[in-house]
Number of protein chains: 2
Amino acid sequence: MTLRINTLAIIGVGLIGGSLSLALKKHSAVGRVIGVGRSQLNLDEALYLGVIDAVATLEEAAKADIIFVATPVAQMPRVFAELAPHLGAHSIITDGGSTKQDVSAAARAAFGKKFPQFVPAHPIAGTEKTGASAAFATLFEKRKTVICAEAETSPEAIELVTQMWQTAGAEIHRMSAVEHDDVFAAVSHLPHLLAFALVDMLAGMPRSADYFNYAASGFRDFTRIAAGSPEMWRDISVANRAALREQLTAYRAQLGEFDRWLASADPDAINAIESSYRRASTARNAWQKYIEYGEPMPPLGGVTRDG
Amino acid sequence: MTLRINTLAIIGVGLIGGSLSLALKKHSAVGRVIGVGRSQLNLDEALYLGVIDAVATLEEAAKADIIFVATPVAQMPRVFAELAPHLGAHSIITDGGSTKQDVSAAARAAFGKKFPQFVPAHPIAGTEKTGASAAFATLFEKRKTVICAEAETSPEAIELVTQMWQTAGAEIHRMSAVEHDDVFAAVSHLPHLLAFALVDMLAGMPRSADYFNYAASGFRDFTRIAAGSPEMWRDISVANRAALREQLTAYRAQLGEFDRWLASADPDAINAIESSYRRASTARNAWQKYIEYGEPMPPLGGVTRDG
């Protein structure tokens, strides 16, 4: 079965929204793409580059076959509220937000009886660039898209959104919004917070010039994510703050352990430091083989935990 | 003036020691390189690859013109103690350790009156590979080598070690051992501890399989340094624990602030999160231009600190 969407509306024609449009156009899976955005300059670029076929209002977009909301998560409640009164009876709406419990709650509040038409989703892809001009058709190929359907979500809507992302090249994974937010707090939101916090701390210290002068490739990789958008990461941190604080609390406890081990530096403490580093190194090397060669992750249970 | 070392002894013929030998050979700055090591297999490889010209004992090495101790820092006290009674009157000894206060203290204790012959140094270079077979002649080109001379260190010895590293292509920087250990605690030792701690924490959680399954490129870069050698980083963490704990304490306080901001999530708190992320992002982007294009780092004082 080949997917064919007559009209796709993209709300927020940036890297994510624009790339989905280009991917579906590449596979002839869409008739017409209309775009909604706040920056006329960006919309003009999107038109010029063929990322969208026309500019539309939210009211017009609400009648499309599929409406993809790809704005920052903090704007979604307002976008949903403006779309809701005009939403077509057969329109399907989905999103690309990095957090899912808050987005689902906002959609539920805005759409009411039409909430089953909404499919919460999160394509796990991105680059450091933004805007329609950064979009490219293969962004989602072999990447994961997570769909966090709610109990009310229409099975037909889920199926269509699944097909849409598969057409764009993505692998579909399903989990609850709670599970999603926990996973991404752990592997994305917390690392971003940690990198931002470290760079800000060092930049504010009296010897910051020396620090940045001698920082080398390890620091470069560790802090690369601290170059990200402050607004976007503020929104994500706040939107997912319950799950993020849970991971942050566990991490602060872990650092407290390290501080105690370093303070004592007796043989047991030194052994505990080495054991933690060894488990981490073993896990990280196994994960590298997983992402590079597709080797399965080992269970990680064989490593003794004596910390 | 062209540098010419008759005999160079390398204690620990790994990536760092081997690469220095190859760099000096490439520039015809050394007559004969002798190597000391614990692994016969590694020494055989070093001989086969021409990284060293002969295998030697510590007693023989102690008579060389320059003795470069490139073992892990935890082994240096023992190496110094074994070299000391045999150290040639005109031999110069230097090291490549990642921490400097502890190495200097060990050298002072071992060498006594001969301590002025010891030049504490730290070449800032490396790859993820180890052993003589990983060595290459250009490892130090355009990289920094920090010399942390003590009050007693012989100016002639400093000059010779400076020339040696310059011949290998390195830029020489000078600072005190205290300054050195603070700088590298901040930009290297703390980031390593943080990356190891995060990966170990996530690997030990009930949902670790999901975490590693959905982790993406941001996580990959952030945790790359957690693949490093557990023994080496244990040794560095313990050797530099005073400076490391100071940075860790500041960082834990910073994370405490973030936890309070996330708990409150009132407009002031959200603004504080964004401000911190923005300062970090601004500093990180400026630093990227510094390392990529050599642009000077801005003073970073113009960014308001309201956190």
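All of the numbers you see were taken from the coordinates with simple rules; none came from a lab. Nothing here was measured: the structure is a model prediction, and the numbers come from that model. As a convention, Cβ positions derive from the backbone with ideal geometry for all residues, glycine included, and neighbour counts pool all protein chains shown.
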How would the protein assembly as shown be classified by its alpha-carbon gyration tensor: rounded, prolate or oblate, with rounded meaning a/c under 1.5 and the a/b versus b/c comparison settling the rest?
prolate
In region A:5-175, how does Rg compare with the Kirkwood Rh, expressed as the Rg/Rh ratio over alpha carbon atoms?
0.92
Which one of A:93, A:11, A:225 has the biggest mean-square fluctuation once chain A is modelled by GNM with Cα springs under 10 Å?
A:225
Residue among A:163, A:254, A:288 with the largest mean-square fluctuation in a Gaussian network model of chain A, springs linking Cα atoms under 10 Å
A:288
For region B:152-306, the fraction of alpha-carbon pairs in successive 10 Å shells from zero, as %:
8, 22, 36, 23, 8, 3, 0
Tell me the mean residue ellipticity at 222 nm calculated for chain B from its helices only (DSSP H runs of n ≥ 4, each -39500 (n - 2.57), averaged over every residue, nearest 500).
-15500 deg cm²/dmol
For residues of A:264-271, the mean tally of beta carbons on other chains within 10 Å:
2
Would you please state the base-10 log of I(q)/I(0) at q = 0.08 1/Å for chain B, with intensities from the Debye formula using one equal scatterer on every alpha carbon?
-0.43
Among DSSP bridges having both ends in the protein assembly as shown, what percentage is antiparallel? Round to the nearest 5.
10 percent
In whole Å, what is the distance between the alpha-carbon centres of region A:172-201 and region B:209-226?
10 Å
State, as an integer percentage, the relative contact order of region A:5-175 based on alpha-carbon contacts under 8 Å between residues 6 or more apart.
25 percent
If N is the number of residues in region A:115-241, what value comes out of its Cα radius of gyration divided by 2.2 N^0.38 Å?
1.32
Gap separating the Cα centres of region B:117-156 and region B:19-71, nearest whole Å:
15 Å
Cross-link partners of residue B:26 among lysines (Cα-Cα below 29 Å; sequence separation of 8 or more within a chain):
B:63, B:100, B:129, B:142, B:144
Can you give the relative contact order of region A:179-264 as a percent, counting alpha carbon pairs under 8 Å and 6+ residues apart?
47 percent
Ranking A:158, B:66 by Cβ neighbours within 10 Å, fewest first, what do you get?
A:158, B:66
Two pseudo-spin positions, 7 Å from Cα along C-beta at residue B:90 and at residue A:252, lie apart in nanometres by 6.2 nm
Length released on extending from residue B:152 to residue B:130, taking residue separation times 0.36 nm less the Cα-Cα span
4.6 nm
Say each of residue A:216 and residue A:4 gets a label point 7 Å from the Cα, pointing the same way as Cα to Cβ; how far apart are those two points in nm?
6.1 nm
Computed from the beta carbon distance with a Förster radius of 41 Å, FRET efficiency for residue B:166 and residue B:259 to the nearest 0.05 stands at 0.30
Which one of B:269, A:56, B:75 is farthest out on the positive end of the charge dipole of the protein assembly as shown, using unit charges on Cβ (Lys, Arg +1; Asp, Glu -1) and the Cα centre as origin?
A:56
Partner chain Cβ atoms within 10 Å, averaged over the residues of A:173-184 - can you pull that number for me?
2
Please arrange A:214, A:290, B:293 by how many other C-beta atoms lie within 10 Å of their C-beta, fewest to most.
B:293, A:290, A:214
Length-normalised contact order for chain B - Cα pairs under 8 Å, 6+ apart - percent
15 percent
Picking from B:156, B:82, B:274, which is most flexible by a Gaussian network model of chain B using Cα springs under 10 Å?
B:274
Projected onto the charge dipole of region A:90-185 (unit charges on the beta-carbon of Lys, Arg, Asp and Glu, signs +1, +1, -1, -1), the Cα from A:126, A:162, A:136 with the largest positive-side position is that of A:136
Please find, among residues of chain A, the one with the beta carbon closest to the rotation axis relating it to chain B, distance in whole Å.
A:221, 2
Which distance in nm do the two modelled labels at residue A:209 and residue B:229 give, with both placed 7 Å along the Cα-to-Cβ direction?
3.5 nm
